[in-house]
Every structure is written in C-alpha cells, then in structure tokens.
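Right, one structure below, let's go through it.
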Amino acid sequence: QVQLVESGGGLVQAGGSLRLSCAASRTVFTFDIMGWYRQAPGKQRELVAVITSGGGTNFADSVKGRATISRDNAKNTVYLQMNGLKPEDTAVYYCYARWTTYDYWGQGTQVTVSS
C-alpha cells in the first residue's frame, strides 16, 4: 500500500522559513501530481501548491511569491519551501499525490507560526 510520509513541520517565528518534505514508499510508478494542502482549525482543507510530473505548478494566491515547490520523480519525493511565514500559515500540512484516478494523502505535519 502506498504511503506518503511528511517531515519538516514545527514551530517557526513569523518571517521565518521552513521546508517540508514528503516521500512516497511502496510505489513502482511516478505520480502524475504531487503537492501540499493545509487545514487550519475550523477551516476546510485548501490547496497550497501542486506540481506535475512534468514540472508544471499551481499555487494558492495566499502563498504566491513566498512558496516554492519541487519534486524528485526518481524518488517520488516532493518538497515545499516557504519563506516569509505568517501566523495565518499555521495549519496541518498534508502531502498529496495522484496517480491516474487514485488520490493519496499523508497523515499531516503541524506547522505553527508564532507572531
């Protein structure tokens, strides 16, 4: 069974940076899409950024200019670099991957930005 394992979350001060990583295990295929969603308390899960196997990207307006997404197809790993963090970036960040019509989710990693 495919597993997505996130790492890199934690507590960071406003204005700081962090890098999230997500590695997929037990796969023999390359995901069509990989990326990150987040969910803050009392809010719906929302897109942060995604990247296709060809390198196409899509970012939420709220993180444009502050986030960079990249991936290593050979390792089925995706990275999210976020700079200029704000308290409103506080959320559980979930790794996401899609292969054909199948969606996969990680368990989530907490990111807390203190003011």
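Remark: accessible surface ordering of Arg38, Arg71 (largest first) is Arg71, Arg38, probe radius 1.4 Å.
Val78 sits among other residues whose Cβ lies under 10 Å from its own Cβ, and their net charge, with Lys and Arg +1 and Asp and Glu -1, is 0. Modelled this way, with points 7 Å down the Cα-to-C-beta line, the labels at Asn83 and Gln3 are 3.4 nm from one another. Computed on the Cα trace of the chain, the radius of gyration divided by the Kirkwood hydrodynamic radius gives Rg/Rh = 0.95. Dipole size of region 26-115 about its Cα centre, with +1 on Lys/Arg Cβ and -1 on Asp/Glu Cβ: approximately 100 debye, rounded to the nearest 20. Going by accessible surface with a 1.4 Å probe and the largest first, Glu88, Glu6, Glu46 read Glu88, Glu46, Glu6. For Asp89, what is the net charge nearby, where nearby means another residue's Cβ is under 14 Å from its Cβ and Lys, Arg count +1, Asp, Glu -1? Net local charge, Asp89 excluded: +3. When the residues Trp99, Trp36, Trp105 are ordered by accessible surface, computed with a 1.4 Å probe over the protein chains alone, the sequence from largest down reads Trp105, Trp99, Trp36.
The values are calculated or read from the model by the stated rules, or taken from the named source; none is laboratory data. Computed from a predicted structure; not experimentally measured. Positions of Cβ are generated from backbone atoms using ideal geometry, with glycine treated the same way; all protein chains shown enter the neighbour counts. All accessible areas refer to the heavy atoms of the entire protein, side chains included, with ligands and DNA or RNA removed. Shrake-Rupley method; radii C 1.70, N 1.55, O 1.52, S 1.80 Å.
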